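The values are calculated or read from the model by the stated rules, or taken from the named source; none is laboratory data. Just so it is clear, the model here is predicted, and its values are computed rather than measured. Cβ atoms come from the backbone with ideal geometry, glycine included; neighbour counts cover every protein chain shown. Areas reflect the complete protein model, heavy atoms only, side chains present, ligands, DNA and RNA absent. Shrake-Rupley method; radii C 1.70, N 1.55, O 1.52, S 1.80 Å.
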Amino acid sequence: MNATQEQLKIKFQQALASAFGKDYAEADPILVPASNPKFGDYQANISLPLAKKLKQQPRAIAQQIVEKLDVSDICEAPEIAGPGFINIRLKTVYLEAQLHSIQTDPRLGVPETKNPQRVVVDFSSPNIAKEMHVGHLRSTIIGDSIARILEFRGHDVLRLNHVGDWGTQFGMLITYLREAYPDALTTANALDIGDLVTFYKKAKQRFDEDEVFQEAARQEVVRLQAGAEDTIHAWKLLCEQSRREFQVIYDLLDINLKERGESFYNPFLAGVVADLTESGLLVEDQGAKVVFLEGFTNREGQPLPLIVQKTNGGYNYATTDLAALRYRIEEDKATRLIYVTDSGQANHFAGVFQVARRAGWIPQEVEIVHVPFGLVLGEDGKKFKTRSGDTVRLRDLLDEAVVRFRNTLEEKIKEEGREETEEFKANVAGVAGISAVKYADLSQNRTSNYIFSYDKMLSDKGNTAPYMLYAYARIKSIGRKGNINFEKLGSEQKIQLQEEAELALAKHILQLSEAIADVEKELFPNRLCEYLYQLSDKFNKFYEQCPVLKVEEPRRTSRLALCDLTARTLYLGLSLLGIQVVDRM
């Protein structure tokens with residue numbers, strides 16, 4: 001089933017071609033949801049931008065479009081408003097038929113894409129020997145939700161975790177551990193991750209203050225790059241220990257990733273330098289090999305360089321990212337590359353992408369997108385930190401959300417005089433606490449900073465995960481109260497839309513395809529969050545205004561079917577955000 005908006009777009013394009021010629025067969029009718037329901041459900045705004053080109057008044061253009069527009073199977077007669085807007089109101093019989101068609105469809109009418117792509121989504125990317133902290137939250141869950149939506153649409157998605165597992169930090173850490181705790185370099189799990197982080201900080205301090213230590217650390221990096229057996233063994237132990245700790249977080253967040261760290265691309269770095277040299281892009285500047293970027297200048301107006309090889313012959317992030325980009329296109333055969341990192345890296349990726357294009361490494365059919373996001377701020381509006389000024393560990397942040405929701409839940413259970421098992425309380429608190437953190441982040445426009453507030457995100461009012469989880473649980477409660485098996489309602493029962501609240505809910509359910517297609521294209525998960533929030537809101541209004549169990553047939557079964565479609569839509573939409581639901585709260 002094509003989404004309603006897509007069907008209308010095709011019909012408008014046919015009308016445009018019929019009215020003004022074949023040149024207008026693919027013109028965008030600028031069809032958008034109506035801003036005010038009293039004007040209809042959709043509005044086409046194509047008449048205004050066509051006025052200059054056709055040298056006619058917008059209302060006259062709108063009239064000619066309407067005369068050729070055949071939408072009688074979908075809409076009431078179109079109306080022309082204002083200077084030339086064309087208002088569309090969907091027929092109730094059409095809405096009922098659309099709902100009927102998705103009642104037994106597990107995809108709820110959302111089609112798979114006609115043009116599946118091989119997509120790489122690069123996200124999360126923590127550093128080995130460091131704990132995941134609040135700074136990793138946004139990349140991890142934004143990247144995961146984008147991957148889920150693309151997978152659902154039928155794309156072949158490779159979820160890559162480009163971990164920092166190579167470079168100077170390992171020279172520092174291994175050199176320090178040889179002195180302070182040599183067992184950690186030969187024995188698995190000799191240290192826990194917290195101790196490893198402490199040692200890393202001390203190693204960094206020594207590196208910054210002690211020239212002898214600094215030189216020893218650099219030599220250790222040389223040994224690592226040369227494949228010295230003891231250094232490689234130590235490096236593997238450190239990586240494996242960090243990897244296990246990362247997996248604890250990924251399990252909590254229900255994240256799946258394929259690790260392919262910086263070290264993976266080492267064999268290809270020399271080739272990057274050689275090919276850029278051969279293409280004439282690479283030049284020597286103050287002993288380093290660089291590509292001067294077009295459109296990027298310093299304060300003096302001189303072109304900024306992208307350093308590809310340092311003065312000491314070493315490589316850096318740019319070299320690795322160029323190698324990774326080439327590998328993803330040439331070996332992974334990706335036609336869409338998506339990099340989910342903080343907005344502070346925008347210039348870095350703009351430089352890397354520019355160099356790759358100028359080198360001819362990016363075929364015309366390949367799309368490369370940087371998906372930037374803002375900072376997580378504390379309630380004081382500053383970068384989110386602990387009271388002692390340290391960066392907040394991601395594990396602590398998630399655990400705190402679960403504990404706080406557990407406290408709220410226990411208070412509610414006590415107030416209602418209920419008895420619940422420990423298993424029930426632990427499950428609900430775990431699902432709701434983690435969901436609240438994820439949803440609070442995803443519901444923001446990702447390009448903006450946002451304030452992290454447990455009180456707001458754990459509230460059951462407003463655009464929050466608990467608000468949606470309660471809406472879902474309310475529908476399941478209706479089923480339990482009425483002893484209803486929603487799976488056996490049967491698709492033969494026709495949904496009847498008679499009340500305004502029923503119509504509003506039905507129209508919104510049928511916009512799921514549009515919401516998902518929007519995120520697939522634009523990569524803003526908050527738009528799916530807004531859709532789900534509006535769905536929950538419309539359902540709650542329907543629930544208040546339209547009795548379900550205490551109404552006569554056939555309305556009773558009709559409304560039960562509408563409840564079921566709402567629950568299934570919530571379940572599917574939230575699952576695409578990586579958010580679980582519970583049947584009872």
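Values as computed for the structure displayed
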{"read-out": "All helices (runs of 4 or more DSSP H) inside the range 425-519 with 2 or more residues being open to solvent by less than 10 Å² (accessible area, probe 1.4 Å) and out of contact with any strand residue (DSSP E or B) (no Cβ under 7 Å at 6 or more places or on another chain)", "value": "465-481, 500-509"}
{"read-out": "Condition check for G143: small (G, A, S), outside any strand (DSSP E or B), out of contact with any helix residue (DSSP H, G or I) (no Cβ under 8 Å at 6 or more places or on another chain) and in contact (Cβ under 8 Å) with a residue 24 or more places away in the chain", "value": "yes"}
{"read-out": "Elements of type strands (runs of 3 or more DSSP E) in the range 65-123, at least 2 residues being open to solvent by 20 Å² or more (accessible area, probe 1.4 Å) and either more than 16 Å from N45 (Cα to Cα) or among the aliphatic types (A, V, I, L, M) (or both)", "value": "79-81"}
{"read-out": "A60, sole failed condition from (1) part of a loop (DSSP other than H, G, I, E, B); (2) of a type outside the set (S, T, N, Q); (3) more than 32 Å from the chain's Cα centre (by Cα)", "value": "(1)"}
{"read-out": "Which numbered condition V403 misses (of (1) among the β-branched types (V, I, T); (2) outside any helix (DSSP H, G or I); (3) free of Cβ contacts under 8 Å to residues at least 40 places away in the same chain)", "value": "(2)"}
{"read-out": "Odd one out for T277 among (1) under 30 Å from H136 (Cα atoms); (2) open to solvent by 60 Å² or more (accessible area, probe 1.4 Å); (3) part of a helix (DSSP H, G or I)", "value": "(1)"}
{"read-out": "Some residue of the range 303-317 being part of a helix (DSSP H, G or I) and either of a type in the set (S, T, Y) or out of contact with any strand residue (DSSP E or B) (no Cβ under 6 Å at 6 or more places or on another chain) (or both)", "value": "yes"}
{"read-out": "Selected residue (only one of L532, L565 is in contact with a Ser or Thr (Cβ under 9 Å, 6 or more places away or on another chain) and either assigned to a helix (DSSP H, G or I) or open to solvent by less than 40 Å² (accessible area, probe 1.4 Å) (or both))", "value": "L532"}
{"read-out": "Every residue from the range 146-175 that is part of a helix (DSSP H, G or I) and either touching a Gly at 6+ places or on another chain (Cβ under 6 Å) or more than 24 Å from G313 (Cα to Cα) (or both)", "value": "I146, A147, R148, I149, L150, E151, F152"}
{"read-out": "Residues satisfying the stated conditions in the range 380-409, i.e. open to solvent by less than 70 Å² (accessible area, probe 1.4 Å), closer than 19 Å to D583 by Cβ and not hydrophobic (A, V, I, L, M, F, W, C)", "value": "R406"}
{"read-out": "Odd one out for E365, checked against (1) surrounded by 12 or more Cβ atoms within 10 Å (Cβ to Cβ); (2) under 27 Å from the mean Cα position of the chain (by Cα); (3) in a loop (DSSP other than H, G, I, E, B)", "value": "(1)"}
{"read-out": "Enumeration of residues in the range 341-397 that are modelled with pLDDT of 95 or more, among the aliphatic types (A, V, I, L, M) and in contact with a strand residue (DSSP E or B) (Cβ under 6 Å, 6 or more places away or on another chain)", "value": "A346, V355, I368, V369, V371"}
{"read-out": "Selection status of A19, in contact (Cβ under 8 Å) with a residue 12 or more places away in the chain, loosely packed, with under 15 Cβ neighbours inside 10 Å and either touching a Phe, Trp or Tyr at 6+ places or on another chain (Cβ under 7 Å) or not charged (D, E, K, R) (or both)", "value": "no"}
{"read-out": "Meets criteria (assigned to a loop (DSSP other than H, G, I, E, B), of a type in the set (K, R) and open to solvent by less than 70 Å² (accessible area, probe 1.4 Å)) for R418", "value": "yes"}
{"read-out": "Selection count, the range 288-307, where residues are open to solvent by less than 40 Å² (accessible area, probe 1.4 Å) and touching a helix residue (DSSP H, G or I) at 6+ places or on another chain (Cβ under 9 Å)", "value": "3"}
{"read-out": "F264 being aromatic (F, W, Y), open to solvent by 50 Å² or more (accessible area, probe 1.4 Å) and part of a strand (DSSP E or B)", "value": "no"}
{"read-out": "First in the range 79-99 and under 15 Å from V32 (Cα atoms), second anywhere and open to solvent by 50 Å² or more (accessible area, probe 1.4 Å) and among the charged types (D, E, K, R), Cβ under 6 Å, 6 or more apart", "value": "G84/R59; N87/E79; R89/E76"}
{"read-out": "Where a residue in the range 56-72 is within 25 Å of T4 (Cβ to Cβ) and its partner, wherever it lies, is basic (K, R), with Cβ under 9 Å and at least six apart", "value": "L69/K11; D70/K11; V71/K11; S72/K91"}
{"read-out": "Answer residue from the range 308-331, given it is open to solvent by 10 Å² or more (accessible area, probe 1.4 Å) and modelled with pLDDT of 95 or more and is nearest to R358 (Cα to Cα) among those", "value": "R326"}
{"read-out": "Tally, over the range 25-50, of residues that are at pLDDT below 90, out of contact with any strand residue (DSSP E or B) (no Cβ under 9 Å at 6 or more places or on another chain) and assigned to a helix (DSSP H, G or I)", "value": "2"}
{"read-out": "Only one of I413, I434 that is modelled with pLDDT of 95 or more and closer than 24 Å to R568 by Cα", "value": "I434"}
{"read-out": "Looking only at the range 196-243, and only at residues there that are of a type in the set (V, I, T) and within 24 Å of E131 (Cβ to Cβ), the one that is surrounded by the most Cβ atoms within 10 Å (Cβ to Cβ)", "value": "T231"}
{"read-out": "Count of residues meeting criterion [in a helix (DSSP H, G or I), at pLDDT below 85 and farther than 15 Å from N127 by Cα] in the range 178-203", "value": "2"}
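Okay, residues lined up against (1) at pLDDT below 95; (2) over 23 Å from R358 (Cα atoms); (3) β-branched (V, I, T):
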| residue | (1), (2), (3) |
| --- | --- |
| D251 | no, yes, no |
| D254 | no, yes, no |
| K258 | no, yes, no |
| N266 | yes, no, no |
| V273 | no, no, yes |
| D285 | yes, no, no |
| A288 | yes, no, no |
| E294 | yes, no, no |
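Every residue, every condition in (1) more than 21 Å from F524 (Cβ to Cβ); (2) in a helix (DSSP H, G or I), yes or no:
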residue: D321; (1), (2): yes, yes
residue: L325; (1), (2): yes, yes
residue: Y339; (1), (2): no, no
residue: Q345; (1), (2): no, yes
residue: F349; (1), (2): no, yes
residue: V371; (1), (2): no, no
residue: E379; (1), (2): yes, no
